[in-house]
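Here the structure is laid out as structure tokens; the discussion comes afterwards.
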Amino acid sequence: MDAQPEFEALRRESSSWWHTARRKLLREAVAQAIHGKRDARVLDFGCAAQLDFSKGDPIRVLNAYSSLPALAFRQTEGSENLVCTSPEDLGFVSNSFDAIVAGDILQSVPDDRMALRELRRVLKDGGLLCLTVPAYPFLWGEDDEARGHQRRYTATELRRKLNNCGFEISRVSYLVATGFLPSIVERTCKDLLRKSAAPRPTSEGDSRLANAAMVMLLDCERHLIRYINLPFGTRVVCWAHKPALVAERVTVPAWDRQWSRPPLPQGMSMSQPDLPETSSAS
């Protein structure tokens, strides 16, 4: 089987406007999560962030994915530390990573709750999870079916699933708000004119210009969501933490304190007070 056409499709996809914007977003999340940490470990599930640290840098990145062709393509692009593993059964020990980024992975997993529990298991206490997913079930289309998607999400649904799997939500926001209305129009036209509408040929120059324009618009959105959550968009982005273990101070009732005392010497009763030693009178 010739893998060249598949690699060319992956190469075009990796340079598209959404993959470029998502890569910048996930890299920012990782930089904030490991700021000031030494010997940090980062899991890039889906190889979406394409993190590249120098060999002398103490930060270690593992690039994991369940797709062998995608991993082979990342290897040809120079990525290292590639691991093939399922999101529902990660092949890593618990509490392994300081930060995890997952770009557009959760919607393709049959059991997304199990995948979230696995991500929480391998994340260190207080570690960051940043993920992106496609938004709104009513935007479901042929592209979702072609990519093997199982579902689309709303911000409320994603927040609820993360909470149920033991995460503390930091922020949830929509993204690609500038493409929301065009996506609705495109979805409506495809539903109404499915048999008669023919795709308009697009030149390579127009495609590059549109791609560059969308990258600039999403750069603006990426800076904007640092201050506010966008109310709509074609993607949902979430930042969540694994709760850190906190030692709680327990107050023991007065009536129960006597049972926590050390054992009494033989021959003494609990009601007998401890008498001070006295010297015998001469």
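Restricting attention to the stretch 122-159, the residues that are touching a helix residue (DSSP H, G or I) at 6+ places or on another chain (Cβ under 9 Å) and among the small types (Gly, Ala, Ser) total 4. The set of residues in the stretch 17-56 being more than 18 Å from Ser96 (Cα to Cα) and among the charged types (D, E, K, R) consists of Arg22, Arg23, Lys24, Arg27, Glu28, Asp52, Lys55. Figure legend. Inter-residue proximity from the stretch 214-225: first residues under 13 Å from Glu28 (Cβ atoms), second residues among the small types (Gly, Ala, Ser) and surrounded by fewer than 18 Cβ atoms within 10 Å (Cβ to Cβ), beta-carbon distance below 7 Å, spacing 6+ or different chains. No pairs are indicated.
Every condition in (1) surrounded by 14 or more Cβ atoms within 10 Å (Cβ to Cβ); (2) of a type in the set (S, T, N, Q); (3) closer than 22 Å to Ser173 by Cβ; (4) under 18 Å from the mean Cα position of the chain (by Cα) is met by Ser16 except one, and the failing one is (4).
So which residues in the stretch 81-127 are among the aromatic types (Phe, Trp, Tyr) and in contact with a strand residue (DSSP E or B) (Cβ under 6 Å, 6 or more places away or on another chain), if there are any at all? Correct list: Phe97 only. Only one entry of Pro5, Pro69 meets the criterion of being loosely packed, with under 12 Cβ neighbours inside 10 Å, of a type outside the set (Asp, Glu) and either modelled with pLDDT of 90 or more or in a helix (DSSP H, G or I) (or both), and that entry is Pro5.
When the stretch 109-120 is filtered for residues that are buried (at least 20 other Cβ atoms within 10 Å of the Cβ) and either among the acidic types (Asp, Glu) or without any contact (Cβ under 8 Å) to a residue 60 or more places away in the chain (or both), the ones remaining, listed by number, are Val109, Asp112, Ala115, Leu116, Glu118.
For Arg117, the criteria (1) within 15 Å of Val176 (Cβ to Cβ); (2) of a type in the set (D, E, K, R); (3) touching a Cys at 6+ places or on another chain (Cβ under 6 Å) hold in every case but one, which is (1). Restricting the stretch 30-66 to residues that are at pLDDT 90 or above and in a loop (DSSP other than H, G, I, E, B) leaves a set whose member that is nearest to Ile105 (Cα to Cα) is Gly46. Restricting the stretch 72-100 to residues that are among the hydrophobic types (A, V, I, L, M, F, W, C) and under 21 Å from Ala9 (Cα atoms), the residue that is surrounded by the fewest Cβ atoms within 10 Å (Cβ to Cβ) is Cys84. Only one entry of Lys190, Lys195 meets the criterion of being assigned to a helix (DSSP H, G or I) and either at pLDDT 95 or above or over 28 Å from Val101 (Cα atoms) (or both), and that entry is Lys190.
The values are calculated or read from the model by the stated rules, or taken from the named source; none is laboratory data. Computed from a predicted model, the values in this text were never measured in an experiment. Ideal geometry is used to build each Cβ from the backbone, glycine not excepted, and the neighbour counts take in all protein chains shown.
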